[in-house]
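Participant: Have a look at this one.
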Amino acid sequence: MSILRIIYLALAIAGTILPMSQFLAWSADNTLSIQNLIQAWTTNAAATGLYYDMLVTAASLTVWIIAEVYVRRDYWVALVCIPAIFVIGVSCAFPLYLFLRTRPLT
């Protein structure tokens, strides 16, 4: 495995652990519901800006993955990144996608 793929994989792992540790801490202190989560994401202008930034980034990454899978037609495993975008976050899904995308061609 190349050093670049190792870096992508390490970033995907970090992109899972770091945000999820904060999310789990928040959910332990608050009632877990979509309404409460969105309210927390939009508590002030800075948080709302980041919320919209991540929303547009998630949508863009989803379209990119679907377009690449459609064009390449041999890359179906990359579709696992789409649920990762919306369950874990872009910080996991994007480096995971790059890790999968840079696999050696046979």
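Per-residue answers, yes or no, for (1) of a type in the set (S, T, Y); (2) surrounded by fewer than 11 Cβ atoms within 10 Å (Cβ to Cβ):
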site: L4; (1), (2): no, no
site: P19; (1), (2): no, no
site: I38; (1), (2): no, yes
site: T43; (1), (2): yes, yes
site: A84; (1), (2): no, no
site: A93; (1), (2): no, no
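Participant: Restricting attention to the stretch 25-36, which residues are within 21 Å of the chain's Cα centre (by Cα), surrounded by 10 or more Cβ atoms within 10 Å (Cβ to Cβ) and not hydroxyl-bearing (S, T, Y)?
Facilitator: Selection gives A25, W26, L32, N36.
Participant: Within the stretch 1-24, can you find the residues that are over 17 Å from the mean Cα position of the chain (by Cα), modelled with pLDDT under 95 and of a type outside the set (S, T, Y)?
Facilitator: M1
Participant: Given the criterion at pLDDT 90 or above, closer than 20 Å to R103 by Cα and of a type outside the set (A, V, I, L, M, F, W, C), identify the matching residue among Y75, Y70, Y52. Quick ask: steps written out before the conclusion?
Facilitator: On the way: Y75 fails: at pLDDT 90 or above; Y52 fails: closer than 20 Å to R103 by Cα.
Sole residue among the options that is at pLDDT 90 or above, closer than 20 Å to R103 by Cα and of a type outside the set (A, V, I, L, M, F, W, C): Y70.
Participant: I need every pair where a residue in the stretch 64-84 that is farther than 19 Å from L105 by Cα has its Cβ under 7 Å from the Cβ of a residue that is hydroxyl-bearing (S, T, Y) and surrounded by 11 or more Cβ atoms within 10 Å (Cβ to Cβ), sequence separation at least 6 or different chains.
Facilitator: Every condition considered, the pairs that remain are C81/Y97; I82/T62.
The values are calculated or read from the model by the stated rules, or taken from the named source; none is laboratory data. A quick note: this is a predicted structure, and the numbers were derived from the prediction, not measured. We place every Cβ from the backbone using ideal geometry, glycine too, and count neighbours over all the protein chains shown.
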